[in-house]
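Student: One structure, pasted below without further comment.
The values are calculated or read from the model by the stated rules, or taken from the named source; none is laboratory data. Everything numeric here is computed off the predicted structure, so don't read it as measured data. Here the Cβ positions follow ideal geometry from the backbone for every residue, glycine too, while neighbour counts run over all protein chains shown. The accessibility values were calculated without ligands, DNA or RNA, using every heavy atom of the protein model including side chains. Shrake-Rupley method; radii C 1.70, N 1.55, O 1.52, S 1.80 Å.
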Amino acid sequence: FNDRFLFNSEIEVEHADEISVEFAYIDYRAHDNIGVRGGMLLIPMGLVNEFHEPTVFLGAVRPVTETRIIPSTWRENGGGIYGSIDRVTFRGYVVNGFDGTSFSADGVRDGRQKGAKAKASNMAFTGRIDVTPTPGVFIGASLYTGGSGQGEIVVDGGDFDVWTTIVDLHGQAQIRGLDVRALFARTSIDDAAELNQVLGLRGASGVAERMQGGYLQVGYNLLSQTRSAAGVALTPYVRYEQVDTQDRMPAGFERSLSTDNTFVTLGVELKPIPNVVVKVDHAWVRNAADTGVNQFNLNMGYAF
């Protein structure tokens, strides 16, 4: 709107027949180093959630850690601050909490409220800090913590907040065609036994007290050092990932052998221009229950 007020938004068509607001917020640039932000915010966690378009991340699909442990794309209503000082960037928001009645053995993903008709009996804090020691390289950490009960988890007259905390450590290096990314994330849920009781979940179908996952991914643009292919990128990549959405169960519940999965993904992407990408990869999926399903993925993506 002017030098101090800025509006950021993304409205997208998903699944060919669904229109959604991915984010919509106003920034007030109070100072060169700090600003105030409010609206429907992208939760500042991981490597994908704030930069989730197919032209930005490697792979035909997003890393499983960043869909089950960090439930990208994840946005909620709230407000807070953002800024940078020298080589350090930071963000800190207060947002509405999860709706824990939609948690499952597969993770917290269905607990996202996405702004519309959001319950806010429980609020949450989320923050992030990154350090850039040299251009193209950054390391950092992020946090989300808050209640998920929303006044609906009541057992024997007691109202349980189902306090949910997610932490992640992440790093990325993009230097001379090399692209290396690594992330570890862990989710902890208090009152999981009471939550399962209210949801009627038993045995290995229950929501866990702790979930975690992590991955290491390496790619290299084979055309990065050639002048004849300016603007064109051909990048083979490999990703190793392990995710367990039932890493620790509450007393009286057992783990499912199918929730602890290892993924090995090998693929290649072609960008004829920076805004268009074609990706093809194969993922090998293994778990102790031998129920992993290998995947062949083909993707065409664009952003504008």
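Student: How much area per residue is accessible in the stretch 166-205 when the probe is 1.4 Å and only protein heavy atoms are counted (Å²)? Kindly include the intermediate steps, with their values, before the conclusion.
Tutor: Values: 1840 Å² over 40 residues.
For the stretch 166-205, the per-residue accessible area is 46 Å².
Student: First compute the accessible area of the chain with a 1.4 Å probe, then give the percent of it belonging to carbon and sulfur atoms.
Tutor: 58 percent
Student: Residue-wise, which Karplus ³J(HN,Hα) couplings in Hz belong to the stretch 47-64, taking 6.51 cos²θ - 1.76 cosθ + 1.60, θ = phi - 60°, and x for glycine or proline?
Tutor: Per residue, the Karplus-derived 3J(HN,Hα) values read 9, 10, 4, 7, 10, 10, 6, x, 7, 9, 9, 7, x, 5, 10, 5, x, 5 Hz.
Student: Between Val276 and Asn299, with labels modelled 7 Å along Cα→Cβ, what's the label distance in nm to one decimal, could you check?
Tutor: Between Val276 and Asn299, the simple spin-label model gives 1.9 nm.
Student: Which value, in Å² rounded to 10, gives the accessible area of Asp260 with a 1.4 Å probe and all protein chains present?
Tutor: Surface accessible to solvent at Asp260 totals approximately 50 Å².
Student: Let me know the volume per residue of the alpha-carbon convex hull for the stretch 117-194, in Å³.
Tutor: On the way: hull volume 8.3 nm³, N = 78.
Dividing the Cα hull volume of the stretch 117-194 by its residues yields 107 Å³.
Student: Can you pull out the chymotrypsin sites (Phe, Trp or Tyr not before Pro) in the stretch 158-237 that DSSP calls coil and that have at most 16 other Cβ atoms within 10 Å? The partial results should precede the final answer.
Tutor: Working: sites: Phe160, Trp163, Phe184, Tyr215, Tyr220, Tyr237; in loops: Phe160, Trp163.
Those that pass, being in a loop and sparsely packed, number zero.
Student: Still on this structure, please answer the following. Provide Asp27, Asp191 ordered by accessible surface of protein heavy atoms (probe 1.4 Å), highest first. Walk me through the intermediate numbers first.
Tutor: On the way: Asp27 10, Asp191 50 Å².
From most exposed to least exposed: Asp191, Asp27.
Student: Trypsin sites (Lys or Arg not before Pro) within the stretch 215-304: which are DSSP loop residues with at most 13 other Cβ atoms inside 10 Å? Walk me through the intermediate numbers first.
Tutor: Working: sites: Arg227, Arg239, Arg248, Arg255, Lys279, Arg286; in loops: Arg227, Arg255.
The qualifying sites are Arg227.
Student: Given points 7 Å out from each Cα along the Cα-Cβ axis, report the Val88 to Leu169 separation in nanometres with one decimal.
Tutor: Between Val88 and Leu169, the simple spin-label model gives 1.9 nm.
Student: Heavy atoms only, 1.4 Å probe, whole protein assembly: order Glu152, Glu209, Glu10 by accessible area, highest first. Show your work: numbers first, answer last.
Tutor: On the way: Glu152 80, Glu209 55, Glu10 35 Å².
Most to least solvent-accessible, the answer reads Glu152, Glu209, Glu10.
Student: Enumerate the calculated ³J(HN,Hα) couplings along the stretch 195-210 in order (Karplus 6.51 cos²θ - 1.76 cosθ + 1.60, θ = phi - 60°), each rounded to whole Hz, writing x wherever the residue is Gly or Pro.
Tutor: Values per residue, Gly and Pro as x: 4, 4, 5, 5, 7, x, 9, 10, x, 7, 8, x, 6, 7, 6, 9 Hz.
Student: At 222 nm, what value in deg cm²/dmol follows for the chain if DSSP H runs of at least 4 each add -39500 (n - 2.57) and the sum is divided by all its residues, to the nearest 500? Mind showing how you got there, number by number?
Tutor: Numbers: 1 runs with 8 residues, N = 304.
It comes out at -500 deg cm²/dmol, rounded to the nearest 500.
Student: Still on this structure: Over the Cα atoms of the stretch 172-304, what radius of gyration and what Dmax do you get, in Å?
Tutor: 19.7, 63
Student: Follow-up question, since we're still on this one. Trypsin sites (Lys or Arg not before Pro), restricted to the stretch 1-79: which are DSSP loop and have at most 11 other Cβ atoms within 10 Å? Could you put the intermediate results ahead of the total?
Tutor: On the way: sites: Arg4, Arg29, Arg37, Arg68, Arg75; in loops: Arg4.
Here the trypsin sites (Lys or Arg not before Pro) that fit, given the DSSP loop and packing criteria, are Arg4.
Student: Can you give me the C-alpha center-to-center distance between the stretch 44-88 and the stretch 1-37, rounded to a whole angstrom?
Tutor: That distance is 15 Å.
Student: Something else: Evaluated at 37 °C with a viscosity of 0.692 mPa s, what Stokes-Einstein diffusion coefficient in µm²/s does the chain have when Rh comes from the Kirkwood expression over alpha-carbon pairs?
Tutor: D, rounded to a whole number, is 159 µm²/s.
Student: For the chain, with only Lys/Arg (+1) and Asp/Glu (-1) charged at the beta-carbon, what is the dipole magnitude about the Cα centre, in debye rounded to 20? The partial results should precede the final answer.
Tutor: Numbers: 26 positive and 36 negative charges, 186 e Å.
I would put it at about 900 debye.
Student: Also, I was wondering about something else. Enumerate the whole-percent occupancy of each 10 Å bin, from 0 to the last occupied one, for all C-alpha pair distances of the stretch 53-126.
Tutor: Histogram of Cα-Cα distances, whole percents per bin: 17, 38, 35, 10, 0.
Student: Relative contact order for the stretch 160-292: what percent, with Cα pairs under 8 Å and sequence separation of 6 or more?
Tutor: Details: 306 pairs, mean separation 25.9, N = 133.
For the stretch 160-292, the relative contact order is 19 percent.
Student: Quick one: Karplus J couplings for the stretch 252-264, per residue in order, coefficients 6.51, -1.76, 1.60, θ = phi - 60°, nearest Hz, x for Gly and Pro?
Tutor: Working through the residues one at a time gives x, 10, 10, 7, 8, 5, 8, 9, 9, 10, 10, 10, 10 Hz.
Student: Moving on to the next point. Using a 1.4 Å probe and counting only protein heavy atoms, arrange Trp74, Trp284 so the residue with the most accessible area comes first.
Tutor: Working: Trp74 0, Trp284 95 Å².
Greatest to least solvent exposure: Trp284, Trp74.
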